[in-house]
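Everything below concerns the one structure shown next.
The values are calculated or read from the model by the stated rules, or taken from the named source; none is laboratory data. This structure is a prediction, so every number in the text was calculated from the model and none was measured. Note that each Cβ is placed from the backbone with ideal geometry, even for glycine, and that neighbours are counted across all protein chains shown. Side chains are part of the model used for accessible areas, which takes the heavy atoms of the whole protein and leaves out ligands, DNA and RNA. Shrake-Rupley method; radii C 1.70, N 1.55, O 1.52, S 1.80 Å.
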Amino acid sequence: MENIDALIEYLINDNPRYHVSEEPETFEDKFRIYRSLVNIRNPNPVDDDYVEMENEMLQELLLKKEISSFEDIETIGVKYPQTKLNHKDILALWQGDICTLEIDTIVNAANSQGLGCFIPCHDCIDNKIHTNAGVKLRLECYQEMQKYDYTLPSGTCLFTDAYNLPSKHVIHTVGPVVTGHLTDRKRDDLAKCYRNCLEICIEHGIRSIAFCSISTGVFRFPKDEACRIAVTTVEEVLDENPDAFDKVVFNVFSDEQLSIYEDFIKNRG
């Protein structure tokens, strides 16, 4: 972890507008400053030496975490044998930190800017994924965003490497923002997120994917309805492509989300 001082120094020198008003003592304090500087950094070119140091630190941190393999996650058919869901030998429900999941690809709930969260140390999944992946992820997203004139419409996706995450790839998709009444257009946009992510996987021969609960955080999509749309849309794509995937994981973080998915799985008619 000795690289963190050099990383902070580089990030401050990289943009003289930023300064640190405190003298951090612990690694946790230093990492909070490092993370804040990374979060607000624009997607400008970065020195190879910095990338090497950052990769080394993030890989060391990853080794200290409990990594879960998608292969060890029980399918819905095993965990909830009474369910009437289709493809229960492929679908799975898992509660945990998606940044610690070893799988072909994870899905990031992005915003229309497509570059990750710029709010220092924000608790959203977009921030966590970019922080744990490293600055190269934002740079790749910036390159991909040129295809969309730097605004990613709802339902569309970016496909990138995962860098220092245990997954191989990240698919960034922008879910709908709900203000007031939930419309059919918003429902359709959320379904497009799930469908388009799966179609990207099929296009690239990716056989395992983990979905976060798209749009259910600051985008305020009702969690019950989001669960229904997520599961039924994935079922539809698997109906059309029954041999395309080994496992599709619905990742939840909170106990509330877990309960919502379990109720839907158990009570699906």
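Key figures for this structure:
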item	result
Selection from the range 88-139 of residues that are assigned to a loop (DSSP other than H, G, I, E, B) and within 18 Å of N251 (Cα to Cα)	K88, D89, I90, G96, D97, I103, D104, D123, C124
Only one of V51, V20 that is of a type in the set (V, I, T) and either loosely packed, with under 15 Cβ neighbours inside 10 Å or at pLDDT below 95 (or both)	V20
Qualifying residue in the range 141-151 (condition: touching a residue at least 40 places away in the same chain (Cβ under 8 Å) and part of a helix (DSSP H, G or I))	yes
Residue, surrounded by the most Cβ atoms within 10 Å (Cβ to Cβ), within the range 233-259, restricted to residues that are polar (S, T, N, Q) and touching a helix residue (DSSP H, G or I) at 6+ places or on another chain (Cβ under 8 Å)	N251
Check on D246, in contact (Cβ under 8 Å) with a residue 40 or more places away in the chain, of a type in the set (D, E) and in contact with a His (Cβ under 9 Å, 6 or more places away or on another chain)	no
Test: residue in the range 26-46 that is among the acidic types (D, E), over 27 Å from G114 (Cα atoms), open to solvent by 40 Å² or more (accessible area, probe 1.4 Å) and out of contact with any Phe, Trp or Tyr (no Cβ under 8 Å at 6 or more places or on another chain)	yes
Residues located in the range 125-142, provided they are among the β-branched types (V, I, T) and under 13 Å from the mean Cα position of the chain (by Cα)	I125, I129, T131
Qualifying residue in the range 95-118 (condition: touching a residue at least 24 places away in the same chain (Cβ under 8 Å), on the phi > 0 side of the Ramachandran plot and open to solvent by 40 Å² or more (accessible area, probe 1.4 Å))	no
Answer from R220, R187 - the residue that is open to solvent by 10 Å² or more (accessible area, probe 1.4 Å) and modelled with pLDDT under 95	R220
Failed item in (1) open to solvent by less than 50 Å² (accessible area, probe 1.4 Å); (2) assigned to a helix (DSSP H, G or I), with E203 passing the rest	(1)
The range 152-174, residues that are of a type in the set (V, I, T) and in a loop (DSSP other than H, G, I, E, B)	T156
Of the criteria (1) more than 23 Å from H122 (Cβ to Cβ); (2) open to solvent by less than 10 Å² (accessible area, probe 1.4 Å); (3) not charged (D, E, K, R), which one I171 fails	(1)
Check on S69, hydroxyl-bearing (S, T, Y), surrounded by fewer than 15 Cβ atoms within 10 Å (Cβ to Cβ) and at pLDDT below 95	no
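Okay, residues lined up against (1) within 25 Å of E240 (Cβ to Cβ); (2) in contact with a Ser or Thr (Cβ under 6 Å, 6 or more places away or on another chain):
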{"position": "T75", "(1), (2)": "yes, no"}
{"position": "T83", "(1), (2)": "yes, no"}
{"position": "W94", "(1), (2)": "yes, no"}
{"position": "D97", "(1), (2)": "no, no"}
{"position": "P120", "(1), (2)": "no, yes"}
{"position": "D123", "(1), (2)": "no, no"}
{"position": "H130", "(1), (2)": "no, no"}
